[in-house]
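In what follows, a single structure is set out as structure tokens and then discussed.
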Amino acid sequence: MDAINELYQEVILDHNKNPRNYGKPEAYTNFAEGFNPLCGDRVEIYLNLDNDIIKDIKFEGKGCAISKSSASIMTTLLKGKTIQDAKEIYSEFLEIVMHGCDGLEVKDEDLEVFCGVKDFPTRVKCATLGWHTFEEALKDQKV
């Protein structure tokens with residue numbers, strides 16, 4: 001395994017063991033639940049939106065290292081962003097996990113850890129679960 005893949009594995013394992021923005025917030029404006037019936041991964045996404053800004057984003061759930069680390073990385077990238085900026089990051093993420101990084105100028109280097117996911121089709125659903133659930137949470141205003 002080359003050094004860059006080892007680094008990516010370390011990042012994924014770190015986010016799995018020490019997930020960022022994990023837990024249910026006291027207050028939130030939007031919520032959605034996601035479930036992957038193929039492997040049993042579950043995730044809940046909590047958003048606190050203020051106008052067009054993601055003031056806070058948290059998650060809870062159980063799943064594999066890819067699923068949990070992807071949700072963790074997603075929350076760190078999207079917190080403080082506008083909804084439009086978040087949708088652009090989401091689109092870049094989908095491009096990376098579906099097609100890899102060859103020939104792609106990756107705008108957000110934190111997403112590069114997912115460049116190899118396309119080589120493992122069963123893991124694509126794991127990696128995208130939190131992101132698809134985020135998209136659903138945007139539609140589900142609670143307050």
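Numerical summary
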| quantity | calculated |
| --- | --- |
| Check on S91, in a helix (DSSP H, G or I) and surrounded by fewer than 18 Cβ atoms within 10 Å (Cβ to Cβ) | yes |
| Selected residue (only one of T82, T128 is surrounded by 21 or more Cβ atoms within 10 Å (Cβ to Cβ) and under 23 Å from L49 (Cα atoms)) | T128 |
| Any hit, segment 55-73, residues being touching a Lys or Arg at 6+ places or on another chain (Cβ under 9 Å), more than 16 Å from H15 (Cβ to Cβ), at pLDDT 95 or above and not in a helix (DSSP H, G or I) | yes |
| Candidate set from segment 15-54 (those that are in contact (Cβ under 8 Å) with a residue 40 or more places away in the chain and in a helix (DSSP H, G or I)); member that is surrounded by the fewest Cβ atoms within 10 Å (Cβ to Cβ) | N16 |
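The values are calculated or read from the model by the stated rules, or taken from the named source; none is laboratory data. Everything quoted here is computed from the prediction, not taken from an experiment. Neighbour counts are summed over all protein chains in view; Cβ atoms, including those assigned to glycine, are modelled from backbone coordinates with ideal geometry.
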